[in-house]
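See below for the structure under consideration.
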Amino acid sequence: TMESIPRHRCLLYEGSPSRQLPMLAAVICQKIEENYRCLYFNSPTMVAGMGSYLAARGRDVLEDSKRGRLVLSSEQHSSGVGIFDVNAMLKGLEDALDQALKDGCKGCGHLET
């Protein structure tokens with residue numbers, strides 16, 4: 001039988017998304033150790049916060065980013081007129097997964113809050 005690989009995690013929460021950063025940082029650290037490429041997309045403030053939480057957990061964020069283990073981004077997928085483009089986002093995620101597999105990763109994890 002084929003092993004089931006979780007592709008997406010959904011986190012439902014109440015209150016500020018920044019309260020979720022410690023738990024998300026723990027998941028990212030675990031997945032990096034398991035040879036997954038981790039993508040975290042959010043606002044510039046939340047991306048900076050995630051970087052701080054990862055560093056506090058002992059990750060070398062710059063090295064993980066340089067080696068392709070970690071992508072922290074506040075890039076917005078929008079059309080030329082500033083409207084969110086779901087197709088561009090999904091294509092970007094598909095391309096990221098393909099590249100992660102080509103680079104020898106087990107897969108690609110995507111987190112947003």
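Here is how the numbers come out for the structure above:
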item	result
K106 accessible area, 1.4 Å probe, all protein chains in place, Å² to nearest 10	120
Solvent exposure ordering (accessible area, 1.4 Å, most first) of Y36, Y53	Y53, Y36
Loop sites in the stretch 12-113: GluC sites (Glu not before Pro), DSSP, at most 14 other Cβ within 10 Å	E14, E34, E75
Nonlocal amide H pairs with G107, under 5 Å, H built at 1.01 Å	R37
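The values are calculated or read from the model by the stated rules, or taken from the named source; none is laboratory data. Note that the coordinates shown come from a computational prediction; the quantities given were computed from them, not determined experimentally. Backbone-built Cβ (ideal geometry, glycine too); neighbour counts: all protein chains shown. Each accessible area value is taken on the protein alone, full model and side chains, heavy atoms only, with ligands, DNA and RNA left out. Shrake-Rupley method; radii C 1.70, N 1.55, O 1.52, S 1.80 Å.
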